[in-house]
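The structure appears right after this line, and notes come after that.
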Amino acid sequence: MSGQFDNPYKFPAKVLASLRPGYLTVSIWYGLGMTDGGIPHEVPIDDIPFDLRLPNSEFTAIIDPTNGRIIGVERYITE
């Protein structure tokens, strides 16, 4: 056993703004229960695909449980 979790966490996320050069402010856990507005989290801009960097873009953030960093995103499918 490696001491690490096998599955990453997945949470809904929403882009708030770009407040610092090279970083995006993303609201993690957006729309869930008592954290209805989410928890603001600054992430390197390169971790988010170009088409999801606009304010109010929503996606599922895949987070590494060992260090809390975003390791990927899943786009919402619109019909």
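The values are calculated or read from the model by the stated rules, or taken from the named source; none is laboratory data. Remember, predicted model here, so these are calculated numbers, not experimental data. Don't worry about glycine lacking a Cβ; one is built from the backbone with ideal geometry, like all the others, and counts go over all protein chains shown.
The residue of segment 45-72 that is modelled with the lowest pLDDT, among those that are among the hydrophobic types (A, V, I, L, M, F, W, C) and under 11 Å from Phe11 (Cβ atoms), is Ile70.
Taking first residues from segment 41-57 that are under 24 Å from Asn67 (Cα atoms) and partners that are among the small types (Gly, Ala, Ser) and surrounded by fewer than 12 Cβ atoms within 10 Å (Cβ to Cβ), the Cβ contacts under 6 Å between residues at least 6 apart in sequence or on separate chains come to Ile45/Gly22.
Considering only residues in segment 23-44 that are more than 11 Å from the chain's Cα centre (by Cα) and of a type in the set (A, V, I, L, M), the one that is modelled with the highest pLDDT turns out to be Leu32.
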